[in-house]
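Working notes, structure below.
The values are calculated or read from the model by the stated rules, or taken from the named source; none is laboratory data. This structure is a prediction, so every number in the text was calculated from the model and none was measured. Positions of Cβ are backbone-derived with ideal geometry, glycine not excepted, and every protein chain shown enters the neighbour counts.
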């Protein structure tokens with residue numbers, strides 16, 4: 001006598017919940033990554049001093065404090081950066097020390113806030129953002 005099997009199978013598609021869980025996970029990971037790289041960059045970025053700026057009583061740290069991060073969930077990316085105009089010169093270097101040789105090739109002079117003149121060929125770029133995962137430029 002042949003055996004007869006009857007099945008009542010129900011399929012539940014949990015794809016939307018899976019995508020929601022993955023997006024939530026991605027947001028947490030990117031946020032944590034942004035905070036950690038921001039903290040690391042703040043350790044590496046140089047801080048101006050009275051000696052380096054020529055300004056008596058100067059207290060630096062504006063660049064360190066300006067470093068922030070932004071998470072883009074649509075692209076699954078996090079961007080760390082600064083809105084200070086001079087941050088690009090600190091990050092990429094200037095003059096003969098500029099990254100990829102893109103700086104000025106001749107020396108120049110500049111006057112500080114106290115009226116003292118300085119001679120320079122530029123300055124090298126500290127490794128501020130590249131240790132965090134690379135640059136986007």
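Of all residues in region 37-65, count the ones that are outside any loop (DSSP other than H, G, I, E, B) and either more than 21 Å from residue 125 (Cα to Cα) or more than 17 Å from the chain's Cα centre (by Cα) (or both).
To start, the set of residues in region 37-65 that are outside any loop (DSSP other than H, G, I, E, B) comprises 37-44, 50-53, 62-65.
Pick out the ones that are also either more than 21 Å from residue 125 (Cα to Cα) or more than 17 Å from the chain's Cα centre (by Cα) (or both) and you get 50-53.
Matching residues across region 37-65 total 4.
What's the number of the condition residue 133 fails, among (1) surrounded by 11 or more Cβ atoms within 10 Å (Cβ to Cβ); (2) on the phi > 0 side of the Ramachandran plot; (3) modelled with pLDDT of 85 or more?
Result: residue 133 fails condition (3) only.
Quick check on region 81-93. Is at least one of its residues in a loop (DSSP other than H, G, I, E, B) and at pLDDT below 90?
Let us first name the residues in region 81-93 that are in a loop (DSSP other than H, G, I, E, B), namely 82-86, 93.
Still in the running and at pLDDT below 90: 86, 93.
Scanning region 81-93 turns up at least one residue that is in a loop (DSSP other than H, G, I, E, B) and at pLDDT below 90.
Give the residues of region 49-65 that are out of contact with any helix residue (DSSP H, G or I) (no Cβ under 7 Å at 6 or more places or on another chain), surrounded by 14 or more Cβ atoms within 10 Å (Cβ to Cβ) and either farther than 15 Å from residue 116 by Cβ or modelled with pLDDT of 85 or more (or both), sorted by residue number.
Passing the criteria: only 60.
Residue 85 is checked against (1) surrounded by fewer than 10 Cβ atoms within 10 Å (Cβ to Cβ); (2) in contact (Cβ under 8 Å) with a residue 24 or more places away in the chain and fails just one. What number does that condition carry?
If we test residue 85 against (1) surrounded by fewer than 10 Cβ atoms within 10 Å (Cβ to Cβ); (2) in contact (Cβ under 8 Å) with a residue 24 or more places away in the chain, just (2) comes out false.
List every residue pair whose Cβ atoms sit under 6 Å apart, with the two residues 6 or more apart in sequence or on different chains, where the first one lies in region 3-28 and is under 30 Å from residue 71 (Cα atoms) and the second, anywhere, is surrounded by fewer than 11 Cβ atoms within 10 Å (Cβ to Cβ).
none
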